[in-house]
Each structure stands twice: as C-alpha cells, then as structure tokens.
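The values are calculated or read from the model by the stated rules, or taken from the named source; none is laboratory data. Note that the structure is a prediction, hence the values are computed from the model and not measured. Cβ coordinates were reconstructed from backbone atoms using ideal geometry, including for glycine residues, and neighbour counts include every protein chain displayed. Areas reflect the complete protein model, heavy atoms only, side chains present, ligands, DNA and RNA absent. Shrake-Rupley method; radii C 1.70, N 1.55, O 1.52, S 1.80 Å.
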Amino acid sequence: MSRLIVVSNRVGLSRDVGGGAVGGLSAAITAALRQNQGVWFGWSGETTPQYTGKLSLDRVGDVTVAKVDLEPQDVEDYYNGYANNTLWPLFHNRLDLTNFSRAYASGYARVNQRFAEALRAMIEPGDTIWIHDYHLIPLAAELRKLGFTNRIGFFLHIPWPSRQLFTTLPGHEKLVAQLFDYDLVGFHTAEWLSALTGYLQAELGVKMGDDGIVEACGRKTRLQVFPIGINPADFAPENASEASIDAQRRTEKSLAGRQMIIGVDRLDYSKGLEERFRGYEQYLENHPEAHERVFMLQIATLSRDGVEAYQDMRNRLDAIAGHINGQYGSLDWVPLRYVNSGYRQDELAGIYRAARAALITPLRDGMNLVAKEYVAAQDPADPGVLILSRFAGAAAQMKAALIVNPYDQDEMAEAIQRALTMDLTERMLRWRELKAGLDAENLDHWWQGFLDTLAEQPRGDRRIMTVAGHGRRAVT
Ligand code: ADQ
C-alpha cells in the first residue's frame, strides 16, 4: 500500500486522539493517515533564531509526525503576514483588512520552498501527497521543481473569492498557476469552485469541460467539490463520555429553567460575532416577554492574537457584550454570557445538547463544522434548532436549518423567536433531515472520496505539450 503524506501548516495529531480533545479537521486527517500508513508534516509552532530545516520526528501509533521550526521573520511574513493578513481576509471578502505587503508575499514563497526542501528526504516514489489550505498553495510547484512526480492533491478549507476580489491580489496569476501543479484540487462547495472557474474563463479564456478536468497554465488538473463532514457518532448522546455528560449537566444546571442559545466559534471576524450580538440584541428589544427566560452563551476561543485586526475585533466584542448586559441584564439574569476559553470536543457536545438553539452566523465560511456538530449532538427525541447563515458553506447541504442573512438584524431576531417557539414535531422533522445529511456525507466520505479521486488521476508531471500536427496532449 502506498503511503500518504499529509502537509498542513500546523500538525493537529496528538496522543490525545480518541480522547475527545481533537477538532474536526484533525480527526479527519488522523483517520486518513491511520488507514494509509502515513506521515503528517507541518510547522512545529516554534521558532528558532536561524532556520535549519531540521525535522523533529515523533511516532503516534502508526503515524509519523514530522515538524520543522521556523524563524521569527518567517512567522511574521508567512503566517501572520501573507496567510492571515493577505489571503485569509481577501478570501473572506474583507478587502478592507487585506494587506498586500511584498515582504509578506516573499515570506510566503520562502516558507513554501523551505517546506519542500524539508520534505524532500521523506518522500518516496509511490507516496501520495495531500496538502491542505491557503498557507501552502505553492508547495506542489516547489516539489515539482525538485523533480517529484508523485500524485499531489490540494484541499482548500476556506472560500475561493470572486474574480473581482481575487484580481486585487498582486501576483494572482502566479497563485492560480500554482494550483495547476496539483493533480486534484478540492473545494467545500460548488460556489467556491465556480468562483475559481469564473476567473479561469474570464481572465485566462479557459474552456470548461464537463468532466472536471481543466486545462490551464500549461497543465491539466481536476477541480472538484468534496464537502467536509464530521463523524456524527463522536457527538451522539449515546456515545457521550464522562466529560461530555458532566459538561451537559453543568450547563443545564446553569440554565435555571431558561432556554439557551449557543454560539461556538474561533474568535475571527469572518464568524460574524458582532452582527450576531446585534441580532440577539434586536431579539431582546422585540421580545420583552423573553427577558429573564432566555440567554445566549457565546464561546469564542482566541485565535491569531498576533494579528492586529483580531485584537481590534476583540475589543469591540467586549464592548458590545458589556452594552447588552448593561442594557438588559438584571440582578439574576445575564442575557449574554461571552467566554473566551477553549473546550474539548466532547465537552462541546454536552454543551450543544443543553442548547435549545444554535446561532451559527458567519459572514463567510468555507464550511463550518460547528453547525454539523451541534446537529449531531442533539437528543433525537427533543432536538434543538439550528439557525445558520446562508454564507456558510454548510448552508448548501443543511437546507433544513433556519437559514438567515447575518447582515439582517431583524431576520436574525425573527429566526431566534421562531427557533425558541418551534413545536417538537417541526424540530424533529428538521433534525432528522439534517442528521440524514450528516450520516451520508460524513468525515470518512470526505477523505476517502478525495483520496480515491486523487488515486484515479494519471500520475506525475502532466505538462501539456504542443506536438506539431497533433494539437495539445498531456504528458503523463
Ligand atoms: P475554522 O474556521 O476553524 O476552520 P470551523 O469549521 O468553524 O472552522 O471549526 C473547526 C473546529 O474547531 C470544529 O471542530 C469546532 O468544534 C472547533 N471549534 C471552533 N470553535 C471552538 C471553540 N470556541 N472551542 C472549542 N472548539 C472550537 C476552517 C474553515 C471552516 C471549515 C474548517 C474545516 O474556516 O469553514 O469548516 O476549516 O474545513
């Protein structure tokens, strides 16, 4: 069996796997690696004064974990810079927060070269390589330069922006050309894929076939949609761990007979927390009868604290939460509980179960796994209601949720009212449909679908050559 080499910016595999502590994506990659004898490579999260490329190797079960330290300047230019100050905001429609620094762009190129060099000694001829996310788009191109003809796949976990936005990026042509060094490029939704194909057609005059194979930039690549799922059993009440049951019990005790609305997110401007708080405030304004009887728990774990936009947003959220509690709260009622601590996956499952509704309202999101986890955690006999932004990738699959426009405070307020007053029959009908979707397109379906499709692609360097009299052909 050929080996699988997974590359992502950070390596999520830990000895805790199976203990309920690991997030959705890490669980997916871990499952893929376990079944394919694999290596997981990425940045250690540590810095070293001078880059050495030295790998630290660890073995977790059957999986080899290989990590490399970066220089502080790399972290600044590549991670905080190009990845999180250029590509992330741009791909989430936040041109106002996008920084097009050239130092960032060269740091991005440098770290991708360094990763390719560091990987060099580990790659064997039959290995399949699966590279993840916007941090590492140029990595296949760098590996091809080193002569590797292995099958290489790429999965983008975030949206692909519209052509109008994407063309604001200096060097956009190069970034797109680098996608064509992969054999397979995967997206969560048809919308993200069509944003890229729209660009290819309008900017490069590429003609789209209907077989998913696209010829552009002198290469042939398959572009395809693979919506990521979760493993619903990990969140199901019948499989609840001690920690999960305890978290549910503690949360239920704190309800004091009230209904709870839950929000769980990484603290990120793409998640629409300010708009969500405003929508909840509108609900409180419109429904005085709900005062003292409802509260919202927003768990928002700090992330990317080194990026200025995140610090600013944090300050604004603290202020809005304070305002709502000051305006509406009473001696024994805090309408908005806002916490920044992180929770284990199984604890989250218990907390989800205690909530009558989930308010998951990103302004733009590649998929959003929290929406799926909330549904999977519900008691089938008394399920809560999912309120979901139409701008989450998950909305394409989860049509039985209450779908809202997060920019429309009144619509959010109405959806909250509807969710909290929905009768059991409708709640169960909606939940069953959502749960059937989770079961059909689960986590194994995602990674197996991607790797099976990658395995079907012709192997190697597939430059398209022009042969006199014979048009263009692919070299395999
Ligand atoms: P994120 O933006 O991090 O990832 P999201 O899908 O919201 O994505 O959550 C990922 C995981 O983190 C989930 O398993 C969730 O339980 C966990 N998590 C989130 N907030 C948490 C919190 N406050 N405490 C504890 N755990 C928390 C990117 C894209 C998404 C895409 C994923 C996977 O932005 O759109 O769904 O990758 O492809």
Practice prompt. Provide the gained length on full extension for the span A436 to E238, in nm with one decimal, where the gain is 0.36 nm per separating residue minus the Cα-Cα distance.
Written response: 69.6 nm
Discussion item. How much of the pair distance distribution for the chain lies past 40 Å, counting alpha-carbon pairs only, in percent?
Written reply: 22
Item to complete: Could you size up the charge dipole of segment 373-448 around its Cα centre, putting +1 on the beta carbon of Lys and Arg and -1 on that of Asp and Glu, and report it in debye to the nearest 20?
Response: 120
Worksheet item: Points 7 angstrom from Cα along the Cβ direction at L429 and Q35: gap in nanometres?
Response: 3.6
Worksheet item: For segment 188-241, what is the relative contact order in percent, using Cα pairs closer than 8 Å and at least 6 residues apart in sequence?
Response: 31
Fill in: Shape parameters for segment 253-315, alpha-carbon atoms, Rg then Dmax in Å
14.0, 42
Fill in: For segment 219-301, radius of gyration divided by Kirkwood radius, i.e. Rg to Rh on alpha-carbons
1.13
Discussion item. Considering just Cα atoms, how many Å³ per residue does the convex hull of segment 370-424 enclose?
Written reply: 73
Worksheet item: Of all accessible surface on the chain at a 1.4 Å probe, what whole percent is carbon and sulfur?
Response: 47
Fill in: Burial order of peptide ranges 318-329, 401-412 (average beta-carbon count within 10 Å, highest first)
401-412, 318-329
Fill in: Computed lengthening from V334 to F100, 0.36 nm per intervening residue step minus Cα-Cα distance
80.0 nm
Worksheet, complete the sentence: A correct Kirkwood calculation over the Cα atoms of segment 129-181 returns a hydrodynamic radius in Å of 11.9
Worksheet entry | segment 150-274 - convex hull of the alpha-carbon atoms, volume per residue in Å³ | 188
Fill in: When the convex hull of its Cα atoms is projected in every direction, mean area for segment 90-220 (nm²)
8.1
Discussion item. Counting only helical runs of four or more DSSP H residues, what would the 222 nm mean residue ellipticity of the chain come to if each run contributes -39,500 (n - 2.57) and the total is spread over all its residues?
Written reply: -12000 deg cm²/dmol
Worksheet item: Using only Cα atoms, what is the ratio of the radius of gyration of segment 315-385 to 2.2 N^0.38 Å?
Response: 1.30
Worksheet item: Across all directions of projection, what mean area in square nanometres is found for the Cα convex hull of segment 38-166?
Response: 8.5
Practice prompt. Quick one: which residues, 5+ away or cross-chain, put their amide H under 5 Å from the amide H of A216? H built at 1.01 Å from N.
Written response: T221
Worksheet item: Quick one: how many lysine pairs in the chain have C-alpha atoms under 28 angstrom apart, if they're 8 or more apart or on different chains?
Response: 18
Discussion item. Can you divide the C-alpha Rg of segment 206-253 by 2.2 N^0.38 Å and report the result to two decimal places?
Written reply: 2.34
Item to complete: Pick out, from G42, S26, C217, the residue whose Cα sits farthest towards the positive end of the charge dipole of the chain, with +1 on the Cβ of Lys and Arg and -1 on the Cβ of Asp and Glu.
Response: C217
Worksheet item: What Rg and what Dmax come out for segment 37-98 when only alpha-carbon atoms are used, in angstroms?
Response: 15.0, 45
Worksheet item: Counting alpha carbon pairs within less than 8 Å and at least 6 residues apart, what relative contact order, in whole percent, applies to segment 311-379?
Response: 25
Worksheet entry | Percent of Cα pairs exceeding the 22 Å cut-off, where the set is segment 197-351 | 60
Worksheet item: Using only the Cα atoms of segment 264-409, what do you get for the radius of gyration and for Dmax, in Å?
Response: 14.9, 45
Discussion item. At a threshold of 8 angstrom on Cα-Cα distance, excluding pairs fewer than six apart, so keeping six or more, what relative contact order does the chain reach in percent?
Written reply: 15
